[in-house]
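Take a look at the structure set out below.
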Amino acid sequence: MKFTYGIWFDRENTSVYNAVEVDNVKFPQPGHIRALCTTRHVQERGDTLNQPTITVNLSSQALNVVAGAVWHFRGAKTSEPRFQLYGGSAAPGSLAIEPQTSANETTLQSGGLSAVVNTQPNSFCIAFRESSTGKLLTDLGFASVQYIVGAPGQGVALAQEAATSIADPYYRAPNSNSRAPFIALSFSLGVNEYVYGLGERFGPFVKNGQEIDMWNEDGGTCSPYGVQFLRLVPEQN
């Protein structure tokens with residue numbers, strides 16, 4: 001799904017908000033970092049008006065594993081079937097993983113992998129590094145974490161995912177005419193690095209430069225419910 005025309009222009013009737021800086025960091029439970037990111041550099045109180053925020057959650061449920069989740073205004077009640085893994089709220093060994101904080105960054109180290117959140121003003125970046133050497137593996141930097149309000153009819157959005165918050169159809173345009181929200185992530189990829197796998201594909205093994213749709217159907221193979229999509233989009237020059 002494309003939200004831009006090349007590098008400089010956004011798609012018509014599309015609003016793109018980039019995570020610019022980390023406003024505050026919390027630790028909701030052991031092995032978790034939750035960062036509230038602003039989409040504008042905040043110098044004064046007025047800079048918090050009329051701009052959305054983006055929440056980034058990093059967690060580690062096992063050594064050498066860091067999971068990430070990104071959302072905007074996740075206030076709706078989820079009725080999906082959920083259950084605890086490992087007989088508790090965390091995986092074995094994860095309770096010993098504690099974030100480390102300093103003046104300019106917060107780090108979640110899980111074995112040989114570290115996720116480093118830059119907390120300096122106007123310097124958003126989440127870097128994934130080797131813990132022992134500090135070698136950069138990949139990162140989410142400038143314009144890499146985005147909250148996007150798409151054009152009417154763009155994508156497949158359920159009624160509860162529409163941009164407006166009024167559920168009564170009398171006050172609300174049909175979903176096909178509503179502006180639907182999206183989250184976009186762009187991980188850095190260095191020269192001579194390749195993307196492999198991504199499921200059974202009848203095409204080149206190396207996925208660089210390809211546009212690929214991925215999905216899983218939690219409701220069963222014949223059910224339209226619980227479907228999640230992931231699209232790998234090549235960088236435009």
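The values are calculated or read from the model by the stated rules, or taken from the named source; none is laboratory data. It should be emphasised that the depicted structure is a prediction, and the values quoted were computed from it without experimental measurement. No Cβ is skipped: glycine too gets one built from the backbone with ideal geometry, and neighbour counts run over all protein chains shown.
Scanning segment 25-73 for residues being of a type in the set (A, V, I, L, M, F, W, C), modelled with pLDDT of 90 or more and assigned to a loop (DSSP other than H, G, I, E, B) gives a total of 2.
Of all residues in segment 1-24 being among the hydrophobic types (A, V, I, L, M, F, W, C) and assigned to a loop (DSSP other than H, G, I, E, B), which is surrounded by the most Cβ atoms within 10 Å (Cβ to Cβ)? Within segment 1-24, the match that is surrounded by the most Cβ atoms within 10 Å (Cβ to Cβ) is Ala19. If we scan segment 43-56, do we find a residue that is free of Cβ contacts under 8 Å to residues at least 40 places away in the same chain, under 28 Å from Gly112 (Cβ atoms) and surrounded by 12 or more Cβ atoms within 10 Å (Cβ to Cβ)? Within segment 43-56, one or more residues are free of Cβ contacts under 8 Å to residues at least 40 places away in the same chain, under 28 Å from Gly112 (Cβ atoms) and surrounded by 12 or more Cβ atoms within 10 Å (Cβ to Cβ). Kindly indicate whether any position in segment 158-178 is closer than 19 Å to Val66 by Cα and either modelled with pLDDT of 60 or more or aliphatic (A, V, I, L, M) (or both). Looking through segment 158-178, none of the residues is closer than 19 Å to Val66 by Cα and either modelled with pLDDT of 60 or more or aliphatic (A, V, I, L, M) (or both). Considering the conditions (1) touching a Ser or Thr at 6+ places or on another chain (Cβ under 6 Å); (2) part of a loop (DSSP other than H, G, I, E, B); (3) at pLDDT 60 or above, Asp139 is excluded by exactly one of them, (2). Search segment 74-104 for residues being among the charged types (D, E, K, R) and modelled with pLDDT of 75 or more, and hand back the single one that is farthest from Ala184 (Cα to Cα). The residue in question is Glu98.
Yes/no matrix, rows are residues, columns are (1) outside any strand (DSSP E or B); (2) within 30 Å of Thr14 (Cβ to Cβ); (3) not assigned by TED's automatic domain parsing to the domain that holds Ile54:
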residue	(1), (2), (3)
Glu98	yes, no, no
Thr106	no, no, no
Gln109	no, no, no
Gly134	yes, no, no
Ala143	yes, yes, no
Ile148	no, yes, no
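Ala184 falls short of the stated requirement of being closer than 24 Å to Gly75 by Cβ and modelled with pLDDT under 75.
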